[in-house]
Ligand code: TYM
């Protein structure tokens, strides 16, 4: 991979950040940030597709930004910003709406899932959400987008939209690729291991590990995770609870599933869960300490937000004016 690659990803402040967000996305962002210049942002416009308490949303936006900073995704080596502060996202999203077909959007599994869950509010934003996400990515000519498995389909539609636009108007957008880790890309609920661990659906507090939980709570939630009763630590479709815990353990320890199965051969579920809890707590302890420290530094967070918006706008508007010109909008003069 060339040093000049652009890496970009966003996270919604739709709920407090979860272990799924951490293992599926943030841990890979951190890895890539060591080698590349990266662009990371809070996807606050996306959260408008589902009704939420405005004050809560503002709190979470700051907290998730503080989490980025605590993980070393700082403003010196990366661009860190808030999506709504760069109006080009909404502007390009409108253009891309006009280059995306209803049939394509209809196939999005996230749209189907969310409209089933929020049947009283199936708004147009929920439907055209992938166009805004495509705008986020294409504005910055991103080469690589580190995400969890649940975003794969959105990356595919982004590629289709970019290719379609390039075919009509000549090379305008870099066609991005998804970067999805081998383990941790799909962390499941601890109480419902058939379903994704989701920060916006934390009705059962024991189902989800939040980075805001204290370490005791985290360890207890892992120890209470639903499993089967045959007491054999082995991954498989008939053992979703144990498979999920193995997946979490491997994402944290860097081991493969086979190595972990060998490590815990002949060990009962109690001891296995204890080992997973310890590994997760050791992983999160330094992140949480640094997060608490950064969160108190309100002036620093505000300065990152301001600076990030300026840096991101410069890049975004370069792409947007190219697009406006190609589609035949009059220049401002
Ligand atoms: P969001 O905010 O739901 O999640 C942020 C990131 O966390 C990953 N993730 C998970 N990974 C593993 N296991 C889980 N249980 C889990 N839950 C969430 C997600 O895959 C994501 O990488 N639409 C995006 C936000 C977005 C975006 C973008 C991402 C907006 N514009 C442009 C990339 C590029 C979303 O809702 O992620």
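Given the DSSP H assignment, sum -39500 (n - 2.57) over each helix run of at least 4 residues in the chain and divide by its residue total; what's the result at 222 nm in deg cm²/dmol, nearest 500? Intermediate values should be presented prior to the final figure.
Values: 12 runs with 171 residues, N = 333.
Result for the chain: -16500 deg cm²/dmol, rounded to the nearest 500.
How high is the FRET efficiency between residue 231 and residue 149 when r is their beta carbon distance and R₀ equals 25 Å, given to the nearest 0.05? Before the final figure, lay out the partial values.
Working: r = 29 Å, r/R0 = 1.15.
Taking R0 as 25 Å, the efficiency between residue 231 and residue 149 is 0.30.
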**Prompt:** Once the Cα atoms of helix 88-97 and of the chain are each reduced to a long axis, what angle between those two axes, in degrees from 0 to 90 to the nearest 10, is obtained?
**Reply:** 80 degrees
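With viscosity set to 1.306 mPa s and temperature to 10 °C, compute the Stokes-Einstein D of the chain, Rh being the Kirkwood radius across alpha carbon pairs; µm²/s, no decimals. Can you show the working numbers first?
On the way: Rh = 20.9 Å.
My calculation gives 76 µm²/s for D.
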**Request:** Would you mind classifying the stretch 271-326 by shape? Square roots of the alpha carbon gyration tensor eigenvalues, ordered a ≥ b ≥ c; an a/c under 1.5 is rounded, otherwise it is prolate if a/b is larger than b/c and oblate if not.
**Result:** oblate
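Which of 133, 102 comes first, and how do the rest follow, when ranked by fewest Cβ neighbours within 10 Å? Provide the component values of the computation, followed by the final result.
Values: 133 26, 102 8.
Going from least to most buried by this count: 102, 133.
What is the stretch 53-169 by shape, rounded, prolate or oblate, if you read a ≥ b ≥ c off the alpha carbon gyration tensor as root eigenvalues and call it rounded for a/c under 1.5, prolate for a/b larger than b/c, and oblate otherwise?
Working: a/c = 1.84, a/b = 1.23, b/c = 1.50.
Since a/c reaches 1.5 but b/c is at least a/b, the shape of the stretch 53-169 is classed as oblate.
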**Complete:** In degrees rounded to 10, the 0-90 angle between helix 298-327 Cα long axis and the longest Cα principal axis of the chain is 50 degrees
**Between 0 and 90°, nearest 10: helix 240-253 axis offset from the chain longest Cα axis** = 70 degrees
**Asked** In nm, to one decimal, how far is the residue 112 label point from the residue 289 one, both placed 7 Å along Cα→Cβ?
**Response** 4.7 nm
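How would 317, 249, 129, 269 line up from fewest to most surrounding beta-carbon atoms within 10 angstrom?
Working: 317 16, 249 26, 129 23, 269 20.
So the residues, fewest neighbours to most, are 317, 269, 129, 249.
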**Complete:** Taking R0 as 35 Å and r as the Cβ-Cβ distance between residue 256 and residue 296, the FRET efficiency 1/(1 + (r/R0)^6), rounded to the nearest 0.05, comes to 0.35
**Paramagnetic label zone (point 7 Å from Cα along Cα-to-C-beta, residue 194; backbone N under 18 Å) in the stretch 239-269** = 239-245
**Fill in**
Mean-square fluctuation maximum in Gaussian network of the chain, Cα pairs under 10 Å, restricted to 72, 266, 241, hits 266
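Report the FRET efficiency, 1/(1 + (r/R0)^6), for residue 35 and residue 322, where r is their Cβ-Cβ distance and R0 is 30 Å, rounded to 0.05. Could you put the intermediate results ahead of the total?
Values: r = 28 Å, r/R0 = 0.93.
The value I calculate is 0.60.
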**Complete:** Under a Gaussian network model of the chain whose springs join Cα atoms within less than 10 Å, the largest fluctuation of 278, 258, 192 belongs to 258
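The numbers here are math on the coordinates, done by the rules we state, and not lab data. Note that the coordinates shown come from a computational prediction; the quantities given were computed from them, not determined experimentally. Cβ coordinates were reconstructed from backbone atoms using ideal geometry, including for glycine residues, and neighbour counts include every protein chain displayed.
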